[in-house]
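Notes follow once the structure below has been shown.
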Amino acid sequence: KPSTFYRCGSLRNFAYTWGPPDPSTLKVTSAASQVAHAPPPMVLQENYKHSLLKSREQYDAMYKRSIEDPQGFWSDIGKEFHWEKKWHADHHSYNFDVRQGPIQNQWFKGGQTNITYNCLDRHVEAGRGDQICFLWEGNDLDRDRRMTYKEVLDEVCRVANWLRSVGVKKGDAVAIYAPMLCELPIAMLACARIGAMHSVVFAGFSADSLAGRIVDCKSRVVITTSGVMRGSKKVELKKIVDNALNICKKSGFEVDTCLVYENDNAIDKASCPWTEGRDRWWHDEIPKQSTEAAVEWMDSEDPLFLLYTSGSTGKPKGVMHTTGGYMVMAATTTKYVFDMQPGDVYWCTADCGWITGHTYLTYGPLLNGATSVVFEGTPTYPTPARCWQIVEKYKVKQFYTAPTLIRSLEGSGDQHVTSQDRSSLRILGTVGEPINPQAWNWYHKVVGEGRCPIVDTWWQTETAAHLISPLPGVWGQKPGSASLPFFGAHIAMVDEKGQEIEGPGEGYLCVKSSWPSTIRTIYGDHDRYETTYFAPFKGFYFSGDGCRRDADGYYWITGRVDDVINVSGHRIGTAEVEGALEEHPACAEAAVVGFEHPIKGQGIYAYVTLMQGTEFTEDIRKGLVMTVREQIGAFAAPDVIHEAPGLPKTRSGKIMRRVLRKIASKEEDQLGDISTLADPGVVETLLKLRP
Ligand code: 6R9
């Protein structure tokens, strides 16, 4: 069987006939609907003074310049970094309009730099090598580790030398499939040092998904670990990698080297599956390497990394980011949004397998010379107090997490929070999905004791850095609103005809001009890049999100308007889940939609048509869920499987998802016009079979 990766969404999704999104999907998330009619009052937070920005007027002036003179604005900031070769005076150009030729973005053209050099060497050379770079906290309470900037630099150089020794060159892709050990960001930094693109695959993805990502970018080298403990659960990562490498081999692509770090509290050397010749132990290979490794000077527009993400159609997209613009914007957003000073102890709970772990756990904090906490475990193990124990232990100043975690911790009771000392906290952040005002208020009052501004940061894998976010202490906050655009983010809201909406209103969230960390392409498929992001609304980058703008110019993100669902801040394409379900031998057809979930934001609701003559049993239901876990990963497992002898389709055979969404959210009284259905009777049958 071909892997899901290639057939997910089945062929009907491969025709990129993307028109403007269905306006009936605009209202998607609970958070947005809660604030739709009566925005909560502003929280002023006058006790917090931003260390760089003195006033809203100062922001206004800087923002204006960043839009009117982007090249001048970013050139001034670019000077703060080390460039081996300075960029051209006229270093920026872009085209966002498909009618004007190919979409392209260029920033700091002509310049040469290296992001790892700027993250590590620059600080060590400035005499700050003894400062802590990573504070690592293990899954179990008694395991921790600290690494200074100098120690991280040494290890990065060793790994860089090893990569070179196995033949990795500038421009090659290296896949990394690892848990949250210091070795994960170290491996990323080592790739960047030698100009190889890292392609980190979240270690919760299945063998199939990993294989698809390895084959797509032809990574001949994979870096992994023997296993990991997540809470009390042991995950045998190397076994998953072995399965993935077999799948790769069957599809005609062979990985020749696999570097394995022995994470012995989960799986030791003796019990780790091994393929002689291909597999190498980190402990045998890395320590013998030299701690000096020449830096590969990269052109600003040379690729830095690939990160695969879900879209509304087809297989996951290899989002490509380049060196110069990404570096400058990652650093600048981190500095202003988290008001970050060198030496700050900062904790982002994201995994490096997602964009947040790239920009705001690794590159952003290191570029600013901060101390970044790396946490291997899960936030509720051994108890729901774990996060706040870590905050107390390391005196964390800025804490950055996802609304889903906030909601889940809120549900476990305030005592787990208040039992720990949180006086070190200054700024709280959220990312990944809209935050509902209720969770915002709890985060603000209980976790932050009413003294910490909350930065609700809107951005995407594609934007690579914050585009809309409060700047702490610079303006008043409204719970549930990401507030105002960051410097250089030329945000626009358009209607379904692609006309820009000025002033208050509701529409599709777009960006009007290039920002330094814009997605440069989809790896190997520039056409798909143009069709996905630039074809829906001519002249704009389209984010896939809906939004509202209020009378104060504040943005309220309403969630995805395409076929992407956001489960606990993880982006999942409905087409991918459908493709996975269709791998089950009893499944004839599947249709997946999102529904409101009290903790996860959105849950996955799957309608499944079984093969003729198959009875819908509990075993079949479990089997379908298991198939998705195996094909994609546990985090994509459907919450509900709804037996569907028939799906609501138009006469041309198009599934009417609007109807499926209404049934999933128990709003069948609002089905709207179903007269265009080929067989309106299917709706009644579906209602009868509600699980
Ligand atoms: C960074 C990240 C991107 C999608 C995005 C949107 C949602 C992210 C948000 C938010 C409301 C916020 N999203 N931040 N929605 N408020 N502050 O999550 O990247 O995994 O690519 O997801 O997440 O729907 O389009 P990614």
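Applying the criterion of at least 3 residues that are open to solvent by 10 Å² or more (accessible area, probe 1.4 Å) to the helices (runs of 4 or more DSSP H) found wholly in the stretch 182-299 leaves 207-217, 237-250, 282-285. The numbered conditions (1) at pLDDT below 95; (2) open to solvent by less than 10 Å² (accessible area, probe 1.4 Å); (3) in contact with a Ser or Thr (Cβ under 7 Å, 6 or more places away or on another chain); (4) of a type outside the set (A, V, I, L, M) are all true for Phe486 except (1).
Aliphatic (A, V, I, L, M), part of a loop (DSSP other than H, G, I, E, B) and surrounded by fewer than 16 Cβ atoms within 10 Å (Cβ to Cβ) - does that describe any residue in the stretch 601-611? Talk me through it step by step, then tell me what you get.
The first filter runs over the stretch 601-611 and keeps only residues aliphatic (A, V, I, L, M), leaving 604, 606, 608, 610-611.
Imposing the further condition that a residue be part of a loop (DSSP other than H, G, I, E, B) reduces the set to 611.
Filter once more, so that each one left must be surrounded by fewer than 16 Cβ atoms within 10 Å (Cβ to Cβ): 611.
Within the stretch 601-611, one or more residues are aliphatic (A, V, I, L, M), part of a loop (DSSP other than H, G, I, E, B) and surrounded by fewer than 16 Cβ atoms within 10 Å (Cβ to Cβ).
Counting only strands (runs of 3 or more DSSP E) that fall entirely inside the stretch 316-381 and contain at least 1 residues that are of a type in the set (A, V, I, L, M) and open to solvent by 10 Å² or more (accessible area, probe 1.4 Å), the qualifying elements are 317-322, 345-348. Against the list (1) in a helix (DSSP H, G or I); (2) loosely packed, with under 13 Cβ neighbours inside 10 Å, the condition Arg629 fails is (2). Looking only at the stretch 451-496, residues that are within 14 Å of the ligand (Cβ to nearest atom) and part of a strand (DSSP E or B) come to 10 in all. From the list Leu409, Leu405, the lone residue that is in a helix (DSSP H, G or I), over 30 Å from Asp130 (Cα atoms) and within 14 Å of the ligand (Cβ to nearest atom) is Leu405. Among the residues in the stretch 497-507, are any in contact (Cβ under 8 Å) with a residue 60 or more places away in the chain, crowded, with 22+ Cβ neighbours inside 10 Å, within 16 Å of the ligand (Cβ to nearest atom) and not charged (D, E, K, R)? Scanning the stretch 497-507 turns up no residue that is in contact (Cβ under 8 Å) with a residue 60 or more places away in the chain, crowded, with 22+ Cβ neighbours inside 10 Å, within 16 Å of the ligand (Cβ to nearest atom) and not charged (D, E, K, R).
Here the stretch 514-529 is the region considered, the condition is being outside any loop (DSSP other than H, G, I, E, B) and in contact with a helix residue (DSSP H, G or I) (Cβ under 6 Å, 6 or more places away or on another chain), and the residue that is least open to solvent (accessible area, probe 1.4 Å) is Ile522. Of all residues in the stretch 569-593, those that are open to solvent by 30 Å² or more (accessible area, probe 1.4 Å) and outside any loop (DSSP other than H, G, I, E, B) total 4. Residue check: Glu596 meets all listed conditions (1) crowded, with 21+ Cβ neighbours inside 10 Å; (2) in contact with a helix residue (DSSP H, G or I) (Cβ under 8 Å, 6 or more places away or on another chain) but one, namely (1).
A search for C-beta distances below 9 Å between a residue of the stretch 337-362 that is within 19 Å of Ala187 (Cα to Cα) and any residue that is of a type in the set (Lys, Arg), counting only pairs 6+ apart in sequence or on different chains, returns Trp354/Arg571. Residues that are surrounded by 16 or more Cβ atoms within 10 Å (Cβ to Cβ) and at pLDDT 90 or above within the stretch 670-685 comprise Val682, Val683, listed in sequence order.
The set of residues in the stretch 639-652 being touching a residue at least 12 places away in the same chain (Cβ under 8 Å), open to solvent by 10 Å² or more (accessible area, probe 1.4 Å) and not in a strand (DSSP E or B) consists of Asp639, Pro645, Gly646, Leu647, Arg651. Looking at Ile557, is it open to solvent by less than 30 Å² (accessible area, probe 1.4 Å), assigned to a loop (DSSP other than H, G, I, E, B), aliphatic (A, V, I, L, M) and within 16 Å of the ligand (Cβ to nearest atom)? No: the conditions fail for Ile557. Residue count for the stretch 412-436 satisfying the condition of being outside any helix (DSSP H, G or I), open to solvent by 30 Å² or more (accessible area, probe 1.4 Å) and modelled with pLDDT of 95 or more: 6.
Checking the stated criteria, Thr532 turns out to be farther than 30 Å from Asp60 by Cα and either open to solvent by 20 Å² or more (accessible area, probe 1.4 Å) or not in a loop (DSSP other than H, G, I, E, B) (or both). Could you give every pair whose Cβ atoms fall below 6 Å, whose first residue belongs to the stretch 425-445 and is away from the ligand (no atom under 15 Å from the Cβ), and whose second residue is open to solvent by 30 Å² or more (accessible area, probe 1.4 Å), counting only separations of at least 6 or pairs across chains? Within 6 Å, the pairs are Arg426/Lys397; Trp442/Glu410.
The values are calculated or read from the model by the stated rules, or taken from the named source; none is laboratory data. Note that the structure is predicted; figures quoted are calculated from it, not measured. Cβ sites come from the backbone with ideal geometry, for glycine too, and all protein chains shown count toward neighbours. When the accessible area is computed, the model is the full protein with side chains, heavy atoms only, and any ligands, DNA or RNA have been set aside. Shrake-Rupley method; radii C 1.70, N 1.55, O 1.52, S 1.80 Å.
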